[in-house]
Amino acid sequence: MNIDSIQNGVVLDHIQAGKSMDIYKYLHLDELDCQVAIIKNARSEHMGKKDIIKIDYPLDLDLDVLGYIDSNITVNIIRDGKRVEKKHLELPHKLVNVIHCKNPRCITVSESQLDAIFLLSDPVKHTYRCAYCETAIDKKF
Ligand SMILES: [Zn+2]
């Protein structure tokens, strides 16, 4: 793949250097059949170093997961070789089945069919609380 010429796909730019593998894992990019290019430690005027992920497929990404991992990432949608949309992310207010509760007595541990739901409780510290037992999870990334 010529990594500069994606025709129809998604380019995740301005990823904090070193985080691209976390994103690869949390977005389940290993399950994709298409070509995925991970560029680590690319030079950036603003960030010094950054990571970039290029996905050669018009994938519908979970922007909540991305926003949770790193809300500074920009998502570029590429169609016919041109950028048609640039999305900015926000820290999501609600996370469903992204992180799991650490409290062994939480109902989501014994009732595994329940969705793991976390709500943002402190946007500055990026703290989320379990919607069932209120156990706090600090930002992992
Ligand atoms: Zn819980």
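The values are calculated or read from the model by the stated rules, or taken from the named source; none is laboratory data. Bear in mind the structure is a predicted one, so any value in this text is a computation, not a measurement. Because the Cβ atoms are built from the backbone with ideal geometry, glycine has one as well, and the counts that use them run over all protein chains shown. Protein only, heavy atoms only, side chains kept; ligands, DNA and RNA dropped before computing areas. Shrake-Rupley method; radii C 1.70, N 1.55, O 1.52, S 1.80 Å.
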Where nothing but the Cβ of Lys and Arg (+1) and of Asp and Glu (-1) is charged, how large is the charge dipole of the stretch 9-88 around its Cα centre, in debye to the nearest 20?
460 debye
Cα-based Rg and Dmax for the chain, in Å, come out at 16.7, 51
Convex hull volume of the Cα atoms in the stretch 94-138, per residue, in Å³?
54 Å³
Quick one: dipole size for the chain, taken about the Cα centre, charges +1 on Lys/Arg Cβ and -1 on Asp/Glu Cβ, in debye to the nearest 20.
480 debye
When the dipole is taken about the Cα centre of the stretch 94-138, and only Lys, Arg (+1) and Asp, Glu (-1) are charged at their Cβ, what size is it in debye, to the nearest 20?
60 debye
Within the stretch 1-107, list the chymotrypsin sites (Phe, Trp or Tyr not before Pro) lying in a DSSP loop whose Cβ has at most 10 other Cβ atoms in a 10 Å radius.
none
Reachable lysines from Lys102, Cα under 16 Å, same-chain residues fewer than 8 places away excluded?
Lys139, Lys140
Once every DSSP H run of n ≥ 4 in the chain is given -39500 (n - 2.57) and the sum is divided by its residues, what mean residue ellipticity at 222 nm do you get, rounded to the nearest 500 deg cm²/dmol?
-3000 deg cm²/dmol
Order the peptides 10-16, 73-79 from the highest to the lowest mean number of other Cβ atoms within 10 Å of their residues.
10-16, 73-79
What is the percent carbon and sulfur in the accessible area of the chain, measuring with a 1.4 Å probe over the protein chains and ignoring ligands?
44 percent
Have a look at Met21, Ile99, Val124 and report the one farthest towards the positive end of the charge dipole of the chain, computed about the Cα centre with Cβ charges (Lys/Arg +1, Asp/Glu -1).
Val124
Measure off 7 Å from each Cα along the Cα-to-Cβ vector at Asp60 and Arg43, then give the distance between these two points in nanometres to one decimal.
4.0 nm
Taking the Cα centroid of the stretch 91-141 and of the stretch 53-71, what is the distance between the two, rounded to the nearest whole Å?
20 Å
